[in-house]
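Asker: Dropping a structure here in structure tokens format, bear with me for questions.
Nothing in this text is a laboratory measurement; each read-out follows from the coordinates by a stated rule. Please read all numbers here as calculations on a predicted model, not as lab measurements. Please note: Cβ atoms are built from the backbone with ideal geometry, for glycine as well, and neighbour counts cover all protein chains shown.
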Amino acid sequence: MCPSRSPKGKSRGWIIPVGGAEVKENNPRILSRFVELCGGAKARIAIIPTASKLLETGPKYERIFKTLGVKSAVSVDFEQRSDASDPERLAVFEGVTGVFLTGGSQLRLATLLGGTPVARKLRELNAHGVHVCGTSAGASFLSEHMIAFGEEGSTPIAGNVRLAPGLGLTNRFIIDQHFRQRDRLGRLTAALAYNPFAIGIGLDEDSAAFISPDQTLEVGGSGAVTVVDATDLEFSSMDQADEGQPVCMLGLRIHILIAGSTFNLHTRLASPGKLVTKKK
């Protein structure tokens, strides 16, 4: 699938994947910035807790966003695919300035929402300027190519990652979350061995990639974001490797970004951004 086209003269919304376990109170920097982008006190946010099987997930985020001062925060769940065609549920998205997808299982999101009117609505909203944020499983689901599951470890192993179609807000990158905490470099690089045109984004917990309409990624939160660029991949043994064998990959570029640093998804250039200090 391709991202929806933006109307002429209209700016796309931000895409904000979060690595999970984001701070939710006592200076929740990531969620506060999302609220600010969505209009602050005038923000109208729709929450999709479908990835989670816990009944309290939606109401919990409603309380969090209302504590942050938003005008409206409404949870809308989808428990079966037919729910994603329900006019009453679709009506919740009218007039929103932001959409937030919670954590849980990204495969559950893909199974229940993929190819439905809700998925098309979310792509359309983002193309028309609505900001979309997802945490943990919700982050993985945002892009066209989604890591469904895979094994831990720092080495790419043939067969240790399974991909599935995601929401399709963009086809420029593949996202993984809980990155450092769950040792997921190997499965992200294995995914890039199958899709070297994409950029790998590995998000630590309480870390976010704020991706602007001009395709500049700026890091927020307390952890790091690992960017793996396979543009100049010189060699990959993925086609020769049997399942369970390590994969040789030559020519990968890896950037470790922290809050304030940036990466341009067009030029594929990293920058220290706000981390640069000037002599006084």
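Asker: Would you work out the relative contact order for the chain, in percent, from Cα pairs under 8 angstrom that are 6 or more residues apart?
Answerer: Relative CO of the chain lands at 19 percent.
Asker: Taking amide H positions as placed 1.01 Å from N in the peptide plane, with prolines and chain starts having none, which residues 5 or more places from F149, or on another chain, fall under 5 Å of its amide H?
Answerer: Amide H neighbours of F149: R162.
Asker: Here's another thing I want to ask about it. Residues with amide H under 5 Å of S52's amide H, sequence separation 5 or more or different chain, H placed in the peptide plane at 1.01 Å from N; which?
Answerer: Hits under the 5 Å cutoff: S105.
Asker: Suppose every K and R has +1 on its Cβ and every D and E has -1 on its Cβ; what is the size of the dipole of the chain about the Cα centre, in Debye to the nearest 20? Write down the numbers at each step before the final one.
Answerer: On the way: 32 positive and 28 negative charges, 253 e Å.
Here the size comes out at about 1220 debye.
Asker: To continue, here is another question. Could you order the peptides 198-210, 19-31, 112-124 from most to least packed, using the average number of other C-beta atoms within 10 Å per residue? Mind showing how you got there, number by number?
Answerer: Working: 198-210: 25.0, 19-31: 17.5, 112-124: 19.6.
Packing proxy ranking, top to bottom: 198-210, 112-124, 19-31.
Asker: How much mean residue ellipticity at 222 nm does the chain get from its helices, if each DSSP H run of length 4 or more adds -39500 (n - 2.57) and you divide by all residues, to the nearest 500 deg cm²/dmol? Write out the running numbers ahead of the final one.
Answerer: On the way: 7 runs with 58 residues, N = 280.
Per the formula, -5500 deg cm²/dmol.
Asker: May I ask you to list the lysines whose Cα is less than 21 Å away from that of K42, ignoring any residue fewer than eight positions away on the same chain?
Answerer: Once the sequence-local lysines are set aside, what remains near K42 is K10, K24, K60, K66, K71.
Asker: Would you mind checking which residues have amide H under 5 Å from F179's amide H? H placed 1.01 Å from N; only 5 or more apart, or other chain.
Answerer: Hits under the 5 Å cutoff: L203, D204, E205.
Asker: In whole Hz and in residue order, list the ³J(HN,Hα) couplings for the stretch 216-230 that follow from phi through the Karplus curve 6.51 cos²θ - 1.76 cosθ + 1.60, θ = phi - 60°; x for Gly and Pro.
Answerer: Once rounded to whole Hz, the list reads 8, 9, 10, 7, x, x, 9, x, 10, 10, 9, 9, 10, 10, 9.
Asker: Follow-up question, since we're still on this one. Determine ³J(HN,Hα), in whole Hz, for all residues of the stretch 161-174 in sequence, where each value follows from phi through the Karplus function 6.51 cos²θ - 1.76 cosθ + 1.60 and θ = phi - 60°; x replaces Gly and Pro.
Answerer: Once rounded to whole Hz, the list reads 9, 10, 9, 9, x, x, 5, x, 5, 7, 10, 8, 8, 10.
Asker: Which distance in Å, rounded to a whole number, links the C-alpha centroids of the stretch 228-280 and the stretch 1-60?
Answerer: 26 Å
Asker: While we're on this one: Return one quarter of the surface area of the convex hull spanned by the alpha-carbon atoms of the stretch 89-182, equal to its mean projected area, in nm². Could you put the intermediate results ahead of the total?
Answerer: Values: hull surface 25.8 nm².
Over every viewing direction, the Cα hull of the stretch 89-182 projects on average to 6.4 nm².
Asker: Let me ask something else about it. Just name one of P213, L37, G95: the one whose Cα is farthest towards the positive end of the charge dipole of the stretch 15-269 (beta-carbon charges, Lys/Arg +1, Asp/Glu -1).
Answerer: My answer, from the dipole projection, is G95.
Asker: How far is helix 185-194 tilted off the main Cα axis of the chain, in degrees rounded to 10, range 0 to 90?
Answerer: Helix 185-194 sits roughly 80 degrees off the main axis of the chain.
Asker: Sticking with this structure for a sec: Anyone know which of V132, V161, V219 comes out most mobile in the 10 Å Cα GNM of the chain?
Answerer: V161
Asker: Semi-axes of the equivalent ellipsoid of the stretch 220-280: what are they in whole Å, largest first, if each equals the square root of 5 times a C-alpha gyration tensor eigenvalue? Kindly include the intermediate steps, with their values, before the conclusion.
Answerer: Working: eigenvalues 211, 35, 15 Å².
Working through the eigenvalues yields semi-axes of 32, 13, 9 Å.
Asker: Which angle from 0 to 90°, rounded to the nearest 10, does the C-alpha axis of helix 117-127 make with the longest principal axis of the chain?
Answerer: The two axes meet at around 80 degrees.
Asker: Can you work out ³J(HN,Hα) from phi for every residue in the stretch 4-17, in order, using Karplus 6.51 cos²θ - 1.76 cosθ + 1.60 and θ = phi - 60°, giving whole Hz and x for Gly and Pro?
Answerer: 5, 6, 7, x, 4, x, 9, 7, 5, x, 6, 10, 10, x
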